[in-house]
Amino acid sequence: MGDSFEVVTKCMSFTLTEQFMEKFVDPGNHNSGIDLLRTYLWRCQFLLPFVSLGLMCFGALIGLCACICRSLYPTIATGILHLLAGLCTLGSVSCYVAGIELLHQKLELPENVSGEFGWSFCLACVSAPLQFMASALFIWAAHTNRKEYTLMKAYRVA
């Protein structure tokens, strides 16, 4: 019989603690040792989208404060937060692709399973450049309007 195991080809949901379980050098064999690279890639691809979302929400709050205070400095901070959120999204996509590639080196796909990326992966790939563009627009707007804003403020004081 040996150490062979059966590949299950049905979708299963994981609990939060199962998301952070260690990945093994030989998938399915807990005696083969822990594969630290795949373990941490999996954890990063799970956590980085939440960090990105938090940065985007914090950037939205700072952007709202920028509108209320009529100040340009929070706009620069919003741009920087969008840049960090884009980096987190790009890191998450990269961790996912690297983890999948490492898994495919260990296991072959079953015959009836296609190894294509889905729509959510495509959305993540599109969202990272959009976050970078938003960041560039915020920083550019703050930089170009700084001189005009200073002149308007001086005019108001006068």
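Some points to look at:
- Screening E22 with (1) of a type outside the set (G, A, S); (2) within 15 Å of the chain's Cα centre (by Cα); (3) over 23 Å from A142 (Cβ atoms) gives one miss only, at (2).
- Of the candidates Y40, Y96, Y73, the single residue that is open to solvent by 80 Å² or more (accessible area, probe 1.4 Å), closer than 24 Å to F121 by Cα and of a type in the set (S, T, Y) is Y40.
- Scanning region 103-138 for residues that are part of a loop (DSSP other than H, G, I, E, B), loosely packed, with under 11 Cβ neighbours inside 10 Å and among the hydrophobic types (A, V, I, L, M, F, W, C) gives a single hit, V113.
- In this structure, A142 qualifies as surrounded by 15 or more Cβ atoms within 10 Å (Cβ to Cβ), of a type outside the set (V, I, T), over 21 Å from L37 (Cα atoms) and at pLDDT below 85.
The values are calculated or read from the model by the stated rules, or taken from the named source; none is laboratory data. Everything numeric here is computed off the predicted structure, so don't read it as measured data. So basically every Cβ, Gly included, is an ideal-geometry build from the backbone, and we count neighbours across all protein chains shown. Just the protein is used for accessible areas: all its heavy atoms, side chains included, with ligands, DNA and RNA removed. Shrake-Rupley method; radii C 1.70, N 1.55, O 1.52, S 1.80 Å.
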